[in-house]
Structures are given as structure tokens and as C-alpha cells.
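Everything below concerns the one structure shown next.
We did not get these values from a lab; they are worked out from the coordinates using the rules stated. Computed from a predicted structure; not experimentally measured. Quick reminder, even Gly has a Cβ in these numbers, built from the backbone with ideal geometry, and neighbours come from all protein chains shown.
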Amino acid sequence: MASRKETASRALGLIDLTNLNDDCTAEDIDALCAQAKTPFGNVAAICIWPRFVAQARGILGADSAIRIATVVNFPSGEGDERSVMHETKDAVADGADEIDLVMPYRALAAGDEARARSMIATIRAATEGVALLKVIIEAGELGSTALVEKASEIALEEGADFIKTSTGKVAVNATAESAGIMLSVLREFGDAKRGFKPAGGIRTVEEAAQYLALADQIMGKEWASAKTFRFGASSLLKDVLAALSGETAAAPGSGY
């Protein structure tokens, strides 16, 4: 079993350091960009509201190894497809490297599979060759294993580079159960280049270890890298840095 420090070292470069707070400010984005660079290495990406993408690109620079992710159709998943397409194109033009799209999960749950497929296909077309596409299925709201499986399959079939558990804005976000289901769908899909992102509520190194262990078990020990696995988190970094500094644990965080 990996030590706390070893797990922290592995997790650091897999974090999408997130600020999707409703009251996020430009000053918060300055701070987030600074936090993304640590004495032990960088996080994989920052994940922010679209309105801050251009600012973050200006801070990080054109060739930064730290990627900029943003969210569209967020958090409700109920936006107009054409509007979401334009939101996506604007975000890419502002410098976004990755688009985290909320699938129309309520429509899917109500039996409208076509709407879910169409939204993902449209945003896939808008991001093809220019940005990574992560599709948020909102597993905690879908509830049933069958729906989580179906949403994951649809996202992958329509071209998602990653499937992501949650927005972090609902009562139930990432769980080991939903992660196991989604990783199993990934394995059955058969494309090891596609990725998985648990998001919302992952705050400690020990919690991160559970998801990494699932990925190792289901996808193989060499699979999880920044190209295939991300943690969507706002407070995980604090505990990761505490572990890498030799501290027992960071003070409990709150948020995404």
C-alpha cells in the first residue's frame, strides 16, 4: 500500500484545481493561478468560469503546461444547444484548453436520449482538434446504476475525451460507487485514451487514494495519468501539499 506522501505525489499532477464559486472574483483567479504552481510540481489544470478564461490565459501564458478548463451548460445542463455551442467557441477563443460540458442529464433521465446525444455531438464538433471535451453526467442526480452506465456510454459514443461524475453543485457528487460504474464502462468501451474525472467532495489524500485504487483495479496500474485521470477539487491541493511537506493532515477544507 502506498504511503500518504506517495499518494500525494501521485495525485498532485492529476488535480484540476477548481474555483466555480458563485462569488468568484478576478482576485480569486489571480490566487488560483498562483496556487497551481507548487514547490513540488504543478497541478494538471485549473477549472474556472468562462468569464475568467482570458484573464487566466494572460497570467499563465500561451504555452503554460497548466491547462485551463472551463464549464459550459453549467450547472443545470438545461441550456439551449446553440447557445452552449457559442459559449464553447467563445471560451476556446479566450484560451480554454478543456471544456467541461454538463450533459442534459434531466432530459436523459426523462427518456430523451436524443437531446443528450445531440448536445454532446454539437460540442464535440466545436472542440474537435482545439480543446479536450469532458462530459459531466451528474451521476448523483441520475441515481440508478443503469442510468449512470447509459449516460457514460452515450458520452463516450458521442466523442467525449473524459467522463466526469459531477458538477459539485448537487447533494451527491463523486462517490466510489459511481466511479466504479463509470470506470467499468470505460474499460468495456475499450479505448484506454479516454479518461475519467471524479469531481466534488474529494478533499483528502485518503479520499483521493480510494479513486486511484479503483482506477488501478479496473483500468490497470499504468493507466492513470494527467491524460486519462483528473480530480476536480478545490481543497484537495491543501492536503496534498501538507502530505508532501511531511505534515499529518491539513485542516479540513470546504467547497468543490
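Summary table
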quantity: Candidate set: the range 201-224, residues that are in contact (Cβ under 8 Å) with a residue 60 or more places away in the chain and of a type in the set (G, A, S); chosen: the one nearest to F162 (Cα to Cα); calculated: A224
quantity: The range 1-19, residues that are under 13 Å from A208 (Cβ atoms) and in a strand (DSSP E or B); calculated: I15, D16
quantity: Positions within the range 226-245 being under 17 Å from the mean Cα position of the chain (by Cα), over 15 Å from L186 (Cα atoms) and not aliphatic (A, V, I, L, M), in sequence order; calculated: F231, G232, S234, S235
quantity: Among the residues listed as A93, A125, the single one being surrounded by fewer than 17 Cβ atoms within 10 Å (Cβ to Cβ), under 24 Å from F52 (Cβ atoms) and of a type outside the set (S, T, N, Q); calculated: A93
quantity: Residues within the range 230-246 that are closer than 18 Å to D16 by Cβ and buried (at least 22 other Cβ atoms within 10 Å of the Cβ), tallied; calculated: 9
quantity: Check on L32, assigned to a helix (DSSP H, G or I), surrounded by 19 or more Cβ atoms within 10 Å (Cβ to Cβ), over 19 Å from the mean Cα position of the chain (by Cα) and not small (G, A, S); calculated: no
quantity: D16 vs. criteria charged (D, E, K, R), more than 21 Å from K164 (Cα to Cα) and in contact with a strand residue (DSSP E or B) (Cβ under 6 Å, 6 or more places away or on another chain); calculated: no
quantity: Scope the range 155-186; condition closer than 25 Å to P50 by Cα, among the hydrophobic types (A, V, I, L, M, F, W, C), out of contact with any Gly (no Cβ under 7 Å at 6 or more places or on another chain) and surrounded by fewer than 24 Cβ atoms within 10 Å (Cβ to Cβ); matching residues; calculated: L156
quantity: Count - residues of the range 178-211 that are out of contact with any strand residue (DSSP E or B) (no Cβ under 8 Å at 6 or more places or on another chain) and not aromatic (F, W, Y); calculated: 17
quantity: Set G111, G79: member being in contact with a strand residue (DSSP E or B) (Cβ under 9 Å, 6 or more places away or on another chain), among the small types (G, A, S) and either under 27 Å from D28 (Cα atoms) or not in a strand (DSSP E or B) (or both); calculated: G79
quantity: Among (1) part of a loop (DSSP other than H, G, I, E, B); (2) in contact (Cβ under 8 Å) with a residue 12 or more places away in the chain, the one test that D22 misses; calculated: (2)
